[in-house]
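**Q** The structure follows.
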Amino acid sequence: MKRNLHLLIIDPQNDFCDLPAGYLPADQTLPALPVTGAHADSSTRRYD
């Protein structure tokens, strides 16, 4: 029996972040699954 294998790679820092227009790359690639507030949350998080 032949099986098809599919691999999905997700980069959580880019695919889920709701980037403001000023942060988008030059090619205007949009996040795949933007989560509202993700950018604000990640930019205020501290790792002390």
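The values are calculated or read from the model by the stated rules, or taken from the named source; none is laboratory data. Bear in mind the structure is a predicted one, so any value in this text is a computation, not a measurement. All Cβ positions, glycine included, derive from the backbone under ideal geometry; neighbour counts span all protein chains shown.
**Q** Looking at H6 and the list (1) assigned to a loop (DSSP other than H, G, I, E, B); (2) at pLDDT below 80, which single condition is not satisfied?
**A** It is condition (2) that H6 fails.
**Q** Something else now. Only one of (1) modelled with pLDDT under 75; (2) β-branched (V, I, T); (3) exposed (fewer than 10 other Cβ atoms within 10 Å of the Cβ) is not met by T29, so which one is it?
**A** So the condition that T29 fails would be (3).
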